[in-house]
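Here is the structure we will look at.
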Amino acid sequence: MKVILFKSSLFKRVVQALPLVGVIVLMACSDVDKTEPNAEVKANSNQSLVVYSSRSEHLIKPVFDLYAEQTGVKIKYATDKAGVLIERIKAEGEHTPADVLITVDAGTLGYAASQGIFQAVDSDIILRNVPAHLRDANNLWIGLSLRARTIVYSTERVNPKQLSSYKALGDSRWHGKLCLRTSKKVYNQSLVAMLISAYGENKAQTIVESWVANLAIDPTVNDTQLMEAIIAGQCDLGLVNSYYFGRLQNKVDDLPLALFWPNQTESVASGVHINVAGAGVLKYSKNVDQAKAFIEWLVSDDAQSIFAGVNQEYPVNPAIPVDPQVASWGSFNDSKLPLSNAYKLQPAAVKLMDRAGYK
Amino acid sequence: MPSRSSLIWSVFLVVMALPTVLALSGVLSAWFQPDFKTLSHLSNYVLPSAIKNTLLLVLGVSVMTAIIGVSLAWLTAVCDFPLRRFFVWALILPMAVPGYVIAFAFVGIFEFTGPVQTGLRELFGNSSWFPSIYSYGGVVMALSLVLYPYVYLLVRNAFQTQGRRSLEVGQSLGLSVRASFFRVSLPMARPWIVGGLLLVIMETLADFGTVATFNYDTLTAAIYKSWFSLYSVSAALQVASVLLIFVVIVIVIERYSRRAQQYAQQRNASLNTQRISLIGHHRWLACAACATVFTMAFLLPCAQLIFWAWPNVAVELNSSFWSYVWGSVSLAILAVLVIVGLALLMAFTARTQNSLFTRTAVRVSTLGYALPGTVLAIGLFAPMATVDEVLYNLGAPSHVLQGTMFVMILAYSVRFMAVAYAPLESNFLRITPSIDAVARSLGVSGIRMLRLVHMPIIRRGLLTAMVLVCVDVIKELPITLMTRPFGFNTLAVRVFELSSEGLWERAAIPAIAIVLVGIVPVMILIKRSDNDAH
């Protein structure tokens with residue numbers, strides 16, 4: 001018995017420690033509460049801002065740090081998937097600690113707007129700096145940087161003269177030569193949404209089906225894998241967001257790939273498909289003026305070039321010069337279709353891709 | 001007196017089940033406003049293959065983890081062969097590797113552009129015969145290799161405590177060693193095998209990270225598609241309830257199949273005597289089997305991670321990196337204490353107050369493991385917000401609960417109660433009811449009985465529970481992401497931030513750290529169980 005008691009002493013201690021654990025939990029709670037932004041916000045409402053973001057931490061933090069440095073306003077943030085953040089904001093209701101939501105897709109921004117979680121931002125600076133098709137018609141959300149989804153091809157096996165449009169990727173010429181990323185990625189969903197808005201649903205489905213018929217391998221899980229598949233010879237061309245190309249270019253010497261800007265001469269679906277990372281001020285923000293000032297700052301000058309440049313994207317503000325490496329890929333006309341419609345069309349696009357057998 | 005104490009225990013069970021009931025009713029309430037448009041699309045184009053894939057995946061992973069887990073447990077617990085002592089603990093290590101990490105490591109190694117196929121092409125000029133890693137086989141392999149330790153740990157525990165006794169029984173009946181294994185030892189280990197498999201099945205059903213890396217569409221993928229792409233939270237929750245039905249079916253089958261069986265066993269089975277010494281080539285076969293599993297499940301993925309991590313160490317290993325480590329560690333410790341403590345009390349209650357009510361309450365409290373973390377977290381978020389609102393109206397500051405560790409730990413408890421409960425339950429089953437009776441006749445009852453009588457017997461199960469919860473919490477992602485306080489980060493969160501941008505090479509560094517941190521509790525488990533038996 002003595003031995004058994006001795007052996008179990010660790011666990012006895014654990015059980016005995018349970019009340020203590022309760023105390024620790026309480027302490028943890030209250031401790032965190034003290035550093036809680038809303039606590040600070042109440043005390044000092046001009047000095048702090050809370051951002052929920054589906055853009056990754058390492059892509060937003062540099063900008064937040066710069067803002068703190070220039071204005072003294074400290075930014076607290078939580079990152080998660082956009083859909084989760086939107087539900088969270090809805091659940092938190094009028095007591096939400098958040099002031100601003102940043103996501104990386106016009107569809108989710110539009111969806112968030114449709115859920116009534118944003119408020120319109122009335123700002124001349126924003127109207128001046130951000131072209132109309134890159135923000136919500138009522139300024140419920142504002143684009144911050146542009147991401148272009150374009151054709152990438154093997155410089156060894158593809159003559160760019162044979163390339164023309166997204167639609168033409170379905171030509172029989174590319175049978176067994178095309179690579180696509182999974183249809184689960186929002187970038188492809190918004191691209192197909194653009195096709196629907198340009199060609200109508202039936203024609204768009206025919207196009208997507210012709211892509212699927214041309215696939216060399218199963219859809220890849222990300223854009224980088226897609227480009228690696230082209231380099232390895234599994235396929236000859238595909239669709240990527242341009243910044244993934246930039247990243248690979250910085251990693252691999254003499255990349256045997258190049259970007260092609262499609263739909264430059266098309267009358268329908270004119271221009272390269274673009275999407276935005278963007279932001280909106282929350283309806284229940286306790287710091288509306290501060291939030292507005294922050295977004296105004298984001299679409300101007302240094303912040304614009306850093307916000308876009310840190311991920312090799314394009315500034316939404318046409319007055320801001322593009323990062324030199326990005327500029328070296330050539331200039332293009334972007335699609336002028338208003339992005340506000342994306343959220344209505346994206347679910348249709350997802351369903352269409354399901355029907356077309358695009359996994 | 002008994003009625004008062006049983007009332008207290010009943011209240012305890014209800015409180016325990018409450019958060020899960022809240023989360024589940026959040027899921028089920030979606031049926032009050034069903035989104036038929038989305039559902040009809042899903043049922044035409046998505047669900048048929050998703051359900052088929054899910055069933056096949058559960059089947060494949062269950063079979064593989066049962067085979068790997070049980071056979072390795074038997075070899076290391078009962079037989080003797082070269083390097084056995086090393087494999088006893090080494091074979092637990094893959095548990096520290098998150099599914100989403102082994103998935104991206106395997107994709108890196110085995111895909112067309114990876115080193116294996118590239119090497120094959122250089123040697124033979126062609127690698128097209130090599131099976132694609134983006135396949136059913138690939139997913140089953142990845143998931144089985146990180147999940148088999150659940151079966152291995154629990155079943156090894158059973159074989160160890162059966163000792164040679166079960167074999168001796170078989171042999172005294174004239175059975176060969178092999179026949180004794182299949183007819184005595186294996187059936188005797190059934191609660192442990194089933195308990196382990198139940199965890200594996202629930203983990204498989206809830207998995208998203210692993211299957212997404214292989215672009216293998218399961219029900220969780222359908223949930224995410226409804227929610228994030230079709231913007232229908234309602235349809236997402238309806239699909240989640242289909243997932244719940246699966247789980248309930250599995251649990252009912254499991255309960256039904258072992259009704260009226262008892263596994264009580266005499267204590268003091270001699271543990272560390274008389275292993276079966278394998279002879280001749282059997283020794284090396286046993287050794288090779290262990291080595292193969294260990295290499296595939298641990299060495300290989302770790303090697304790939306290190307290969308990726310090496311050039312990026314300088315970028316990632318900055319001061320904030322250590323805050324991620326600290327976040328993971330502190331969270332795991334807190335979660336282990338709370339969850340295992342509660343699970344222990346629950347298992348004890350279920351034993352002393354055995355009734356339909358108790359059994360149901362316990363089942364409900366352990367259902368959360370099968371829900372994808374995101375769904376569970378969102379299910380809890382709304383009630384928490386409501387409670388906060390009520391408190392606020394009563395004069396409390398806003399967000400007393402939300403954004404605190406309390407909500408995180410609560411959500412973890414709902415999710416991981418099953419993990420802590422399974423090893424405790426199967427250990428409690430082994431204590432004969434007569435022991436309780438004796439204790440009571442000596443005036444020892446209630447918590448004192450738990451402490452003085454049960455704890456010494458179930459301590460191995462307790463340790464297993466602690467390690468399982470600890471490792472699971474370190475690996476956990478969706479709940480952590482959603483409920484963490486501002487500025488609080490863990491290693492898993494860092495992996496998510498980097499991998500969602502496709503930066504696998506940099507994500508490899510926090511991934512390695514997850515594995516390293518996860519190894520610590522595993523080592524403690526081994527050290528402690530080494531003290532009484534090998």
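What follows draws every value from the coordinates through simple rules; no lab data is involved. None of the values given here were measured: they were computed from a predicted structure. Cβ sites come from the backbone with ideal geometry, for glycine too, and all protein chains shown count toward neighbours.
Think of the protein assembly as shown as a dipole: +1 on every Lys or Arg Cβ, -1 on every Asp or Glu Cβ, centred on the Cα centre; then among B:LEU55, B:VAL211, B:LEU356, B:LEU356 lies furthest on the positive end. Here the residues A:ARG157, A:ARG173, B:ARG484, ranked from fewest to most Cβ neighbours within 10 Å of their Cβ, fall in the order A:ARG173, A:ARG157, B:ARG484. For chain A, DSSP calls about 65 percent of its internal beta bridges antiparallel.
When DSSP beta bridges are restricted to pairs lying wholly in the protein assembly as shown, around 60% turn out antiparallel. For A:LYS61, a cut-off of 17 angstrom between C-alpha atoms picks up these aspartates and glutamates, skipping any fewer than 8 places away in its own chain: A:GLU69, A:ASP80, A:ASP99, A:ASP302, A:GLU313, B:GLU316, B:GLU497, B:GLU501. Measuring between alpha carbons in the structure, the pairs from A:LYS359/B:LYS475; A:LYS251/A:LYS351; A:LYS161/A:LYS185; A:LYS344/B:LYS475; A:LYS351/B:LYS475 lying more than 31 angstrom apart are A:LYS251/A:LYS351; A:LYS344/B:LYS475; A:LYS351/B:LYS475. For the range A:94-152, rounded, prolate or oblate, judged on the Cα gyration tensor with a ≥ b ≥ c (square roots of eigenvalues), a/c < 1.5 rounded, else prolate if a/b > b/c? Oblate, because a/c is 1.5 or more while a/b does not exceed b/c.
For chain A, the membrane-span-like helices by this rule, meaning whole DSSP H stretches whose C-alpha atoms cover at least 24 Å of axis and whose Kyte-Doolittle mean is 0.0 or above, are A:18-35; this says nothing about an actual membrane.
Report the gain in length on full extension from A:SER331 to A:ASP302: 0.36 nm times residue separation, minus Cα-Cα distance, nm rounded to one decimal. Intermediate values should be presented prior to the final figure.
Working: separation 29, 0.36 × 29 = 10.44 nm, distance 2.13 nm.
Full extension of this stretch gives 8.3 nm more.
Of the DSSP H helices in chain B, those with a Cα length along their own long axis of 18 Å or more and a mean Kyte-Doolittle hydropathy reaching 1.0 comprise B:2-28, B:47-78, B:190-206, B:233-257, B:319-352, B:373-393, B:405-429, B:455-475. Please say if the range B:389-534 is rounded, prolate or oblate, where rounded means a/c under 1.5 for a ≥ b ≥ c the square roots of the C-alpha gyration tensor eigenvalues, and otherwise the choice is prolate for a/b larger than b/c and oblate otherwise? In terms of gyration-tensor shape, oblate. Taking the empirical scaling 2.2 N^0.38 Å for compact globular proteins as reference, the range B:1-120 has a Cα radius of gyration ratio of 1.75.
Rounded to 0.05, the FRET efficiency of the A:ARG173 and B:ASN312 pair, given R0 = 45 Å and the Cβ-Cβ distance, is 0.65.
Per residue, the average separation of C-alpha pairs within less than 8 Å and at least 6 apart gives chain B a relative contact order of 23 percent. Here the spin labels are modelled as points 7 Å beyond Cα on the Cα-Cβ line, and at B:THR292 and A:ILE231 they lie 3.4 nm apart. Rounded to the nearest 0.05, what FRET efficiency is calculated for B:LEU28 and B:ILE249 with R0 set to 22 Å and r the Cβ-Cβ distance? About 0.85, to the nearest 0.05.
Placing +1 on each Lys and Arg Cβ and -1 on each Asp and Glu Cβ, with no other charges, gives chain B a dipole about its Cα centre of roughly 1980 debye. When each of B:TYR369, B:TYR134 is scored by the number of other beta-carbon atoms lying within 10 Å, the sequence from fewest to most is B:TYR134, B:TYR369.
Report summary: the helix-based calculation at 222 nm, which adds -39500 (n - 2.57) for every DSSP H run with n ≥ 4 and divides by the residues of chain A, gives -13500 deg cm²/dmol.
Size of the range A:177-322 from its Cα atoms: along the principal axes, largest to smallest, the extents are 52, 42, 31 Å.
Computed with the Debye formula from one identical point scatterer per Cα of the protein assembly as shown, without solvent, the log10 of I(q)/I(0) at q = 0.09, 0.10 Å⁻¹ comes to -0.94, -1.15.
As a size descriptor, the averaged projected area of the C-alpha convex hull of chain B was calculated at 28.6 nm². Listing B:VAL364, B:VAL70 from fewest to most neighbouring C-beta atoms within 10 Å gives B:VAL364, B:VAL70. FRET efficiency for the pair B:ILE276 and A:LYS161, taken as 1/(1 + (r/R0)^6) with r the Cβ-Cβ distance and R0 = 51 Å, rounds to 0.10. The modelled label-to-label distance between A:LEU127 and A:GLU201, using points 7 Å beyond Cα along the C-beta direction, is 3.7 nm.
As I understand it, the dipole of the range B:427-522 uses +1 on the Cβ of Lys and Arg and -1 on the Cβ of Asp and Glu, about the Cα centre. Which of B:MET455, B:ILE435, B:ILE512 lies farthest toward its positive end? Towards the positive end, the residue furthest out is B:ILE435. When the protein assembly as shown is described by a simple charge dipole with +1 on each Lys and Arg Cβ and -1 on each Asp and Glu Cβ, the residue from B:TYR152, A:MET194, B:VAL184 located farthest towards its positive end is B:VAL184.
Between B:ILE333 and B:LEU516, the simple spin-label model (points 7 angstrom out along Cα→Cβ) gives 1.8 nm. When only Cα pairs below 8 angstrom with a gap of at least 6 residues are kept, the range B:359-472 shows a relative contact order of 30 percent.
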